[in-house]
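Encoded as structure tokens, the structure appears first; notes follow it.
The values are calculated or read from the model by the stated rules, or taken from the named source; none is laboratory data. All of these numbers come straight from a predicted model, not from anything done at the bench. Note: ideal-geometry Cβ built from the backbone for every residue, glycine included; neighbour counts use all protein chains shown. Surface accessibility is based on the protein's heavy atoms, side chains included, excluding ligands, DNA and RNA. Shrake-Rupley method; radii C 1.70, N 1.55, O 1.52, S 1.80 Å.
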Amino acid sequence: MNIGIVGLGLMGGSMAKSIKTKTGHSVFAKDTNDETMLMANLTGALDGELDEKTLPMCDIVFLALRPGIAIKWLEANADNISKRATVVDFCGVKRNVTRKMRAIADSKEFSYIGGHPMAGKERGGFKNSTPDLYVGASMILTPDDKTFPELLEELSSLFYDVGFSRVVYSTPEEHDRIIAYTSQLAHIVSSAYIKSPEAQRQRGFSAGSFRDMTRVAYLDEDMWTELFLENSDYLTYELDVLIDSLNEYKKALHEGDRNTLNSLLREGKECKIKAGGN
């Protein structure tokens, strides 16, 4: 197959490298950064540039862009996408993105499905991309009543080939609700936690807990601002739940209530056991 990738940051760059090292498919890509395009070509991640000539040749087009930019790109380039092609976005929020992209796809008669690779690093860009980024990760897809089973089989086969351990089907609503807790809340907590004055005096006093809590504070503030605002209803709900829980711990500490504090900690441990996984 011919596969197009728009955006060669961490996610798009890793997808290009994964496809080239693990499959026999051809990759055509486009990034607005000339240096990134040069590096992608020099490292053998591409078979060519994604342009007006190669875009109509693509069987699958991955949009590894921020939501707003992804929608604008699809609007601007929809006429050059083949009716036999499938467009998959990699955006971290799904409701608004899938609604707008589905409308564009229907008007131009090509296939579309929302996607979200559950993988990443705290540092982005093509220079940090790797062909093994997706090994063992989950790929979330949001099929709808216009998605053919054959399309899901084709995409799933490709995702397994590049290293994903499973493909998870979801609705855009469910995706945004759960991702507010599993990803977005963690980034806000990390960002707030590192702002303590003690963070500048922690050297020699920190170990795994500090590293785990602060790792994702090193983020792309422009991208995450957009993601947070797109999902503000679910994210603020999760923040309210967390703040209420933290206030319970604070109250027990303030009152020196050993029994309540012990109970809160035990409840947290039991919740972790029930949740399982990572």
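Miscellaneous remarks
- Residues in the stretch 206-238 that a label on residue 250 would reach, taking backbone N under 19 Å of a point 7 Å out along Cα→Cβ: 236-238
- Ignoring the sites themselves, the chain has its longest run without GluC sites (Glu not before Pro) in a DSSP loop having at most 16 other Cβ atoms within 10 Å at 123-254.
- One chain, two ends: residue 178 and residue 272. Fully extended at 0.36 nm per residue, the span grows by 32.2 nm beyond their Cα-Cα distance.
- Net +/- balance of residues flanking residue 257 in space, Cβ distance below 15 Å, scoring K and R +1, D and E -1: +1
- At 1.567 mPa s and 4 °C, Stokes D of the stretch 1-120 from Kirkwood alpha-carbon radius, µm² per second: 92 µm²/s
- Percentage relative contact order, the chain, counting C-alpha pairs under 8 Å, at least six apart: 16 percent
- Per residue, the convex hull spanned by the alpha carbons of the stretch 107-254 comes to 175 Å³.
- Think of a 1.4 Å ball rolled over the protein heavy atoms: the chain then has 56 Å² of accessible area per residue.
- Using θ = phi - 60° in the Karplus curve 6.51 cos²θ - 1.76 cosθ + 1.60, the 3J(HN,Hα) couplings for the stretch 19-33 round to 5, 5, 8, 10, 9, x, 6, 9, 10, 10, 9, 9, 9, 6, 8 Hz; x is entered for Gly and Pro.
- Given charges at beta-carbon only (K, R positive; D, E negative), |dipole| of the chain in Debye: 840 debye
- Cα-only radius of gyration and Dmax that characterise the stretch 16-83, units Å: 12.2, 32
- Gain on full stretching of the segment that runs from residue 262 to residue 161 - 0.36 nm per residue minus C-alpha separation: 31.7 nm
- Residue-count net charge about residue 95 - beta-carbon cut-off 9 Å; Lys, Arg +1, Asp, Glu -1: -1
- Theoretical FRET efficiency, 1/(1+(r/R0)^6), r = Cβ-Cβ of residue 205 and residue 41, R0 51 Å, to 0.05: 0.65
- When both the stretch 68-108 and the stretch 14-65 are represented by their alpha-carbon centers, they are found 18 Å apart.
- Gaussian network model of the chain, springs between alpha carbon atoms under 10 Å - residue of 87, 241, 61 with greatest fluctuation: 241
- Length gained when the stretch residue 33-residue 123 is fully extended (0.36 nm per residue, less Cα-Cα span): 30.7 nm
- Candidates 58, 32, 105 compared by Cα position along the dipole of the chain: farthest toward the positive end lies 32, with charges placed on Cβ.
- Taking the inverse of the mean 1/r over every pair of distinct Cα atoms in the chain gives a Kirkwood hydrodynamic radius of 20.5 Å.
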